[in-house]
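Bear in mind these aren't lab numbers, they're just calculated from the coordinates by the rules spelled out. As the structure is a prediction and not an experimental result, all values here were calculated from the model. Because the Cβ atoms are built from the backbone with ideal geometry, glycine has one as well, and the counts that use them run over all protein chains shown.
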Amino acid sequence: MTIKMDICSDLGEGYGRYELANDEALMEIISSANIACGFHAGDPRTIQKSVQSAIKTGTGIGAHPGFPDRVGFGRRDMILSYEEVYTDVLYQIGAVFAFAKANGAKLQHVMAHGQLHNMAQFNEVYAEAITDAVYDFDPNTILICLPGKLLALAEKKGLKPATVIFADRRYNDDKSLVSRREKNAVITDENEVIEKVLDLVIRKKATSINGKDLDIVGDTLLLHGDTQGSLSLAKKIKEALLDAGVEISPLGKWL
């Protein structure tokens, strides 16, 4: 049986004159785009450009809502109420949706960014707020998430969850991501990344940072575009998957 996989990346994370990654080149490689909504990064012009690039390349359009934390790029803990998380997420989904609709396209998915996503794995208030925001926007919208409370609540509420796996990040024993504050959280060796990706996608296996064997099932593989050599690595990862017989296409076409 053919293995189907989506490849996504966090895009539109520049601001004004500043660009964080080569979004246009990455858009040619990936099949779904997580577009920053203006809170942790991004702005209206950047969202418009990202949406138009996604349409041009046939890439699935997704909203990537994060904490209101430009200085920390959404990677710092924030203590917020249910109402704050709910309204912040719904507001950000609406931003990307508006540009998608204005350009004759649809919003395929939502994926929470950075620490908002990480905290929602364990914080039920955050998980409730995010899933309620997606459900109230449109329950047919795919919610990309890691295993944990967010995924469990998405399934319970009848949403369409998709599990994300990470190409260059190490896992803890509980399948959560090793914090970027920890040493060796990000894998930098290209060969190791490609070997890990093939294990994740084909064998559905990973090894935790402590050497524990993990069973990992993923629907979308996230590639980071803001690290050194990321574009070259992204091309090699896609080539390795295609050579292994993996069919790559946007989540909305097969999930």
To the nearest 20 debye, what is the magnitude of the charge dipole of the chain about its Cα centre, counting +1 on the Cβ of each Lys and Arg and -1 on the Cβ of each Asp and Glu?
260 debye
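Rounded to the nearest 500 deg cm²/dmol, what is the calculated helix-only ellipticity per residue at 222 nm for the chain, with -39500 (n - 2.57) per DSSP H run of length n ≥ 4?
Numbers: 8 runs with 92 residues, N = 255.
Rounded to the nearest 500, the figure is -11000 deg cm²/dmol.
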With a/c under 1.5 counting as rounded, go ahead and sort region 146-255 into rounded, prolate or oblate using the C-alpha gyration tensor (a ≥ b ≥ c being the square roots of the eigenvalues; past the cut-off, prolate if a/b is larger than b/c, else oblate).
oblate
Region 53-105 and region 197-220 have their Cα centres apart by a whole-number Å value of 28 Å
If amide hydrogens are placed 1.01 Å from N in the peptide plane, which non-local residues have theirs closer than 5 Å to the one on residue 7?
31, 32, 221, 249
Could you give the dipole magnitude of region 1-126 about its Cα centre, charging the beta-carbon of Lys and Arg +1 and that of Asp and Glu -1, in debye to the nearest 20?
380 debye
Pick from 89, 178, 134 the residue whose mean-square fluctuation is largest in a GNM of the chain, springs joining Cα atoms under 10 Å.
178
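Could you give the DSSP H helices of the chain that reach 18 angstrom or more along their long axis (alpha carbon positions) and whose average Kyte-Doolittle hydropathy is no lower than -0.5? Walk me through the numbers before you get to the answer.
Numbers: long enough: 44-57 (20 Å, -0.64); 82-102 (30 Å, 0.51); 124-137 (19 Å, 0.27); 230-243 (19 Å, 0.21).
Answer set is 82-102, 124-137, 230-243.
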Using +1 at the Cβ of each Lys and Arg and -1 at the Cβ of each Asp and Glu in the chain, identify which of 127, 249, 68 lies farthest towards the dipole's positive end.
249
Gaussian network model of the chain, Cα within-10 Å springs - most flexible of 78, 27, 111:
78
Dipole magnitude of region 142-255, debye to nearest 20 (Cβ charges: Lys/Arg +1, Asp/Glu -1, about Cα centre)
480 debye
What residue among 206, 185, 21 shows peak mean-square fluctuation when the chain is described by a Gaussian network model with Cα springs under 10 Å?
185
Relative contact order of the chain, pairs being alpha-carbon contacts under 8 Å that are 6 or more residues apart, as %
22 percent
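Can you give me the Kirkwood hydrodynamic radius for the chain, using every pair of distinct Cα atoms, in Å to one decimal?
18.0 Å
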Between 218, 154, 234, whose Cα lies farthest towards the positive end of the dipole of the chain when Lys and Arg beta carbons carry +1 and Asp and Glu beta carbons carry -1, centred on the Cα centre?
234
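How would region 58-151 be classified by its alpha-carbon gyration tensor: rounded, prolate or oblate, with rounded meaning a/c under 1.5 and the a/b versus b/c comparison settling the rest?
prolate
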